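The values are calculated or read from the model by the stated rules, or taken from the named source; none is laboratory data. Fair warning: this is a prediction, and the values are worked out from it, not measured in the lab. A quick note on method: Cβ atoms are made from the backbone with ideal geometry, for glycine too, and the neighbour counts reach across all protein chains shown. With ligands, DNA and RNA removed, areas are computed over all heavy atoms of the protein, side chains included. Shrake-Rupley method; radii C 1.70, N 1.55, O 1.52, S 1.80 Å.
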Amino acid sequence: MVPDNIIVQQIKEGKTESFEILVERYQKQVYNIAYRYTGSRDDAYDLSQEAFLKAYRGIKNFRQDSSFKTWIYHITANVCRDYLRKGRKFQEVSIDEPVHGNDGDMEKQLTANSRGPDEAYESKELSEFIQSLINDLQQEYKEIIVLREMQQLSYEEIANVLNCSIGTVKSRLNRARKILKDRIIVAGEQLKVELRQTK
């Protein structure tokens with residue numbers, strides 16, 4: 001596999017089609033960051049496209065002080081912050097709604113897996129619950145959780161993405177984890193009360 005820095009150099013020398021290699025290499029991670037910021041698949045798709053477009057336009061000025069991965073994550077975080085700062089509303093999409101494509105509308109098809117309907121439902125509920133907790137975090141805590149827990153970036157990489165010190169990363173991460181833990185405990189207690197009331 002050709003290293004990112006070689007591909008970046010090729011692009012700077014005029015081989016712009018090489019940018020597609022970087023898109024293929026990082027599109028999933030960039031999309032995941034945008035999704036965790038917004039909680040919306042449609043918005044995440046649009047924002048990840050915007051992040052890559054900004055990277056493509058700005059790659060000639062990329063000094064390579066950090067890795068391309070850190071740089072594209074930094075751009076993605078900024079694009080998401082700008083979007084959220086403008087107070088955009090995110091729309092929920094039903095799984096029953098057809099997908100609109102170039103060849104017309106088609107029904108969504110869920111991939112089969114070994115889990116039964118109950119397990120799949122519980123897993124979806126848990127995922128949505130965790131995403132709702134992340135959505136409710138203050139921006140500085142949300143991005144730390146996304147970059148560390150979801151994208152598995154090192155403290156140094158996160159510091160580069162967010163333009164802050166490693167100490168700041170660690171303290172924000174500790175605070176974010178504590179907030180999430182406290183909220184999970186509260187939600188668990190509320191669930192126990194609700195279950196008692198239904199008996």
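Under 1.5 on a/c is rounded, so check that first for the range 1-65, then, if it is not, pick prolate when a/b is larger than b/c and oblate when it is not; a ≥ b ≥ c are the square roots of the alpha carbon gyration tensor eigenvalues.
prolate
Quick check: net charge around N174, other residues with Cβ under 14 Å of its Cβ, Lys/Arg +1 and Asp/Glu -1? Could you put the intermediate results ahead of the total?
Details: positive: R148, K170, R172, R175, R177, K178, K181; negative: E140, E149, D182.
Around N174, the charge tally is +4.
For the full complex of protein chains and a 1.4 angstrom probe, list C80, C164 by accessible area with the highest value first.
C164, C80
How large is the accessible surface of V2 in square angstrom, using a 1.4 angstrom probe and rounding to the nearest 10?
For V2, solvent-accessible area is about 70 Å².
For the range 1-61 and the range 161-177, write down the distance between their C-alpha centroids in whole Å.
When both Cα centres are located, 25 Å separates them.
Just the number, please: carbon plus sulfur as a percent of the accessible area of the range 1-45, 1.4 Å probe, no ligands or DNA/RNA counted.
Carbon with sulfur: 48 percent of the solvent-accessible area.
I'd like to check one number: the per residue accessible area of the range 151-199, probe 1.4 Å, reported in Å² as a whole number.
That works out to 71 Å² for each residue.
How many Å² of accessible area per residue for the range 15-64, probe 1.4 Å?
58
What ranking, highest mean first, results for peptides 39-45, 180-186, 190-196 when packing means the other Cβ atoms within 10 Å averaged over each residue?
Descending packing order for the listed peptides: 39-45, 180-186, 190-196.
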